[in-house]
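Okay, so here's the structure we're looking at.
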Protein chains: 2
Amino acid sequence: MRKLTVDLGRYSYPVLIGENILDQTDLLKKYINTGQVMIVTNVTIAPLYLDRVLRALGDIRAGEVIIPDGEEYKTLETMDQIVTRLLQNKFSRTCCLIALGGGVVGDITGFAAACYQRGVNYIQIPTTLLAQVDSSVGGKTAVNHQLGKNMIGAFYQPRAVISDVSVLKTLNDREIQAGLAEVIKYGLIRDPGFFAWLEKNIVRLLARDTGALVYAIEISCKNKAEVVTADEREAGERALLNLGHTFGHAIETGLGYKDWLHGEAVALGMLMAADLSCRHGWISGNDVTRITNMFSTAALPQKLPAILAAETMLDLMSVDKKARNGQMHLVLLKGIGKAFVTNDFDRIKLAETLKQFSSAAGQH
Amino acid sequence: MRKLTVDLGRYSYPVLIGENILDQTDLLKKYINTGQVMIVTNVTIAPLYLDRVLRALGDIRAGEVIIPDGEEYKTLETMDQIVTRLLQNKFSRTCCLIALGGGVVGDITGFAAACYQRGVNYIQIPTTLLAQVDSSVGGKTAVNHQLGKNMIGAFYQPRAVISDVSVLKTLNDREIQAGLAEVIKYGLIRDPGFFAWLEKNIVRLLARDTGALVYAIEISCKNKAEVVTADEREAGERALLNLGHTFGHAIETGLGYKDWLHGEAVALGMLMAADLSCRHGWISGNDVTRITNMFSTAALPQKLPAILAAETMLDLMSVDKKARNGQMHLVLLKGIGKAFVTNDFDRIKLAETLKQFSSAAGQH
């Protein structure tokens, strides 16, 4: 088992990564100091792993909230349902929530924990690759609003993150690919050596080789933990983790959080960020080719959804959280492993990038 | 103008108290560093003070969200409406909210600020005595859930609190009395000298004497600031501020947040806490008489609402946030100016207290 620490003073916590670590007696219990435990999971994950977590809890009897599966349920209403269950069970401020699922379950459970009685403990047990390498670490919690993704949320750290790679076996290929998008992201923004490793090992990862997965998850979490430690509330460096996300969130919002997975939208967003960076001369055509090849091997999208025109994308991007005083800020690249935030980019070049990736463009 | 500081490191902020300070040019603007300002107020306050605040903002053009008046609107739905307005106006993470109103407006605006894009700035301009002496200071934000008051919220500090006593002139007597309940609370929990001052000056306060009000608000805020500085997240001393609140919240929840004002419910809760403390021999009958006289002079309630039986109260009290691992904790008194938290009290005596204050008891 690998163990990293997200170092945030008295809010520090461990990230544990390994195969079948969920079955290790007392691993989970170590982070629970209450008899009031509520597991939040969804209809897909519950039949697969709920019993395993209940067994890991031993003599602690836990309640469960099983929500529908899908980003479209990451809403205030679902959060309210979790709170209702906690109140019906008379759970106090010392209770503990467990998020058992992917990014949606983790985000909404974390936000419910942040808000319930102004803050209770929670533990992340991520069950998708994307959640294991990204959303479960760093304390970003949120629900969506119909006008924008993750617009209602909190920075609120878990007590522990337990990533068991054995649960990745039940994912479908699209979910693995979408998770790899965020893995590749760490290489692109700050770890060129990791990017080079990924170029050699992407096929092993797609085949779910356990050793490759544990290594990729560890290096991803290590990168994320370093960034979060330096900048918990995203005043500076942490914003770099949003590479591809302003484009990606616009895609997700435009699709009503349906059809595309988050990682797929972010992957295309990173390609667009690379393209826009290249149009400014900040990265070489060769870098763009390496990036495009990587995403292509991972079978990630290369074009915008047909229903999203370039103008629609632009409008959706302007309400993104990375905007400041109405100015759009983007994370762009000055090389593989060198991301930066800027609002000093050419709007005409942005329009060209959006047009370049629009589905219509591909049909000519 | 009086100025206090709530000292919380990089989250420190000033509390400004005085007459007509809202009209001081540039006082409000000093705490705003953005062009994106949204004032949240309600239908009662807007016609009275909205223009005054807009004038104080000078060349900053602010938007406004006007919510219905009443505790029953302190809900996730109303918070969602505020967020909708922010998103419709494409407000970014650097925007600033202004809460112009009483405790409901302050709590919900603070919570919206805590959650919008995971946290934006906000300023409190409290317009009730209760909000000026209590809810606007200390960063407790929340909305209600149908199963419990303030069950969904955050600890989230404002950038500044601006308390203009001139706005208290338009309150009705009940609102002044309800505010005085929280003023008296500071005397009871930690400031016996202030309690003695209040015994001499309660009539001046009821008559809204400006000098007496400024002094009472300053000493109340000073006490609150000291407590919050020592214990921002209510791990210890801050819980003492909840004297009367476990009883009071049960009353408010039982009434569906209608009919009684928060201060009225808390006032009766403090009387019940004093009665229960006396039944344990922790305070003298003479202390109870002084406390009862004070609340009686302030025309605050002496009996539970007729629809709330002792058993109902007990059930409602058991889900209070002060409960820990299912154990009910109460703030009780070991003298005037000496509150403490305990779960080591006699349940039979609690039942006697609840019966003593039930309306049925008074009719025999």
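Every read-out reported here was derived from the displayed coordinates using simple, explicitly stated rules and does not represent laboratory data. Small disclaimer: the values here were computed from a predicted structure and weren't measured. Here Cβ is always computed from backbone atoms with ideal geometry, including for glycine, and neighbour counts include all displayed protein chains.
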Test of understanding: what is the full-extension gain from B:Ala196 to B:Leu54, defined as 0.36 nm times their sequence separation minus their Cα-Cα distance? 47.1 nm
Calc'd 3J(HN,Hα), the stretch A:186-191, phi into Karplus 6.51 cos²θ - 1.76 cosθ + 1.60 (θ = phi - 60°), Hz, glycine/Pro = x, comes to 4, x, 5, 7, 7, 9
Taking N as the number of residues in chain B, what value does Rg over Cα atoms divided by 2.2 N^0.38 Å take? 0.96
Roughly how many debye, to the nearest 20, is the charge dipole of the stretch B:173-362 about its Cα centre, given +1 on each Lys and Arg Cβ, -1 on each Asp and Glu Cβ, and no other charges? 220 debye
The answer for the net charge of residues other than B:Ile348 whose Cβ lies under 11 angstrom from its Cβ, with Lys and Arg +1 and Asp and Glu -1, is +2
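Any number yet on Rg/Rh for the stretch A:233-275, C-alpha, Kirkwood? Don't skip to the answer; put the middle values down first.
Details: Rg = 10.8 Å, Rh = 10.5 Å.
Reported Rg/Rh, Kirkwood definition of Rh: 1.03.
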Specify which residue in the list A:Val183, A:Val161, A:Ile82 is farthest towards the positive end of the charge dipole of the stretch A:62-204, using unit charges on the beta carbon of Lys, Arg (+1) and Asp, Glu (-1), about the Cα centre. A:Val161
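Hand me the trypsin sites (Lys or Arg not before Pro) from the stretch B:89-194 located in a DSSP loop with no more than 16 other Cβ atoms within 10 Å, in residue order please.
Working: sites: B:Lys90, B:Arg93, B:Arg118, B:Lys140, B:Lys149, B:Arg159, B:Lys169, B:Arg174, B:Lys185, B:Arg190; in loops: B:Lys90, B:Arg93, B:Arg118, B:Arg159.
Passing sites in the stretch B:89-194 are B:Lys90.
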According to a simple spin-label model (label point 7 Å from Cα along Cα-to-Cβ), what is the distance in nm between A:Ala360 and B:Asn293? 8.3 nm
FRET efficiency estimate (nearest 0.05) - Cβ-Cβ, A:Gln302 to B:Lys90, R0 25 angstrom: 0.25
Ranked from fewest to most other Cβ atoms within 10 Å of their own Cβ, A:Lys200, A:Lys355 fall in the order A:Lys200, A:Lys355
Express the relative contact order of chain A as a whole percentage, based on alpha carbon pairs under 8 Å and six or more residues apart in sequence. 15 percent
Given charges at Cβ of Lys, Arg, Asp, Glu: chain A dipole, positive-most of A:Gly101, A:Thr229, A:Gln124: A:Thr229
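Just from its helices, what would the mean residue ellipticity at 222 nm be for the protein assembly as shown, if runs of 4 or more DSSP H residues each count -39500 (n - 2.57) and the sum is divided by every residue, rounded to the nearest 500 deg cm²/dmol?
Here the helix-only value at 222 nm equals -13000 deg cm²/dmol.
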Amide H to amide H under 5 Å from B:Tyr13: which residues, 5+ apart in sequence or cross-chain, H placed 1.01 Å off N in plane? B:Val6, B:Leu8
Among DSSP beta bridges whose residues both lie in chain A, state the antiparallel percentage, nearest 5. 40 percent
Principal axis dimensions, the protein assembly as shown - Cα atoms, whole angstrom, descending: 85, 63, 37
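I'd like the antiparallel share, as a percent to the nearest 5, of DSSP beta bridges with both residues in the protein assembly as shown. Write down the numbers at each step before the final one.
Details: 32 of 76 bridges.
Roughly 40 percent of the DSSP beta bridges within the protein assembly as shown come out antiparallel.
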Of all DSSP beta bridges in the stretch A:2-169, antiparallel share, percent nearest 5: 30 percent
For the stretch A:123-240, evaluate the Debye formula with one uniform point scatterer on each Cα (no solvent term) and list log10 I(q)/I(0) at q = 0.10, 0.19 Å⁻¹, rounded to two decimals. -0.31, -1.07
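Just want the ordering: B:Asp191, A:Asp107, A:Asp173, from fewest to most Cβ atoms lying within 10 Å of their own Cβ. Walk me through the numbers before you get to the answer.
Details: B:Asp191 20, A:Asp107 25, A:Asp173 11.
Least to most surrounded, the residues fall as A:Asp173, B:Asp191, A:Asp107.
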Using the Kirkwood formula on the Cα atoms of the stretch A:261-350, what hydrodynamic radius do you get, in angstrom to one decimal? 13.9 Å
Name the nearest-to-axis residue of chain A, judged by Cβ distance to the rotation axis taking chain A onto chain B, and quote that distance in whole Å. A:Leu76, 3
Phi-derived 3J(HN,Hα) across the stretch A:270-286 with the Karplus relation (6.51, -1.76, 1.60, θ = phi - 60°), rounded Hz, x for Gly and Pro, is 5, 4, 5, 4, 5, 4, 5, 4, 5, 4, 8, x, 7, 10, 7, x, 5
Compute the distribution of all C-alpha to C-alpha distances in the stretch A:2-169, in bins of 10 Å from 0, and list the percent of pairs in each, rounded to whole numbers. 11, 45, 37, 7, 0
Output, in nm with one decimal and in ascending order, the distances from the A:Lys29 label point to the matching label points of the other copies (7 Å from Cα along Cα-to-Cβ). 6.4
Quick one: which residues, 5+ away or cross-chain, put their amide H under 5 Å from the amide H of B:Ile98? H built at 1.01 Å from N. B:Met38, B:Ile39, B:Val40, B:Ile123
When the distances between all Cα atoms of the stretch B:173-362 are binned every 5 Å from zero, what whole-number percent does each bin get? 1, 8, 17, 22, 21, 16, 10, 3, 1, 0
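Using a simple charge model, +1 on the beta-carbon of Lys and Arg, -1 on the beta-carbon of Asp and Glu, nothing else, what dipole does the protein assembly as shown show about its Cα centre, in debye to the nearest 20?
Working: 78 positive and 76 negative charges, 211 e Å.
Computed about the Cα centre, the dipole is about 1020 debye.
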Shortest-first distances to equivalent copies, position A:Asn89, nm, label 7 Å out along Cβ: 4.0
Using amide H atoms built 1.01 Å from N in the peptide plane, name the residues 5+ places from B:Ala154, or on other chains, whose amide H lies under 5 Å from its own. B:Thr141, B:Ala142
Expected sort for B:Val266, B:Val214, A:Val165 with the fewest Cβ neighbours (10 Å cutoff) up front is B:Val214, A:Val165, B:Val266
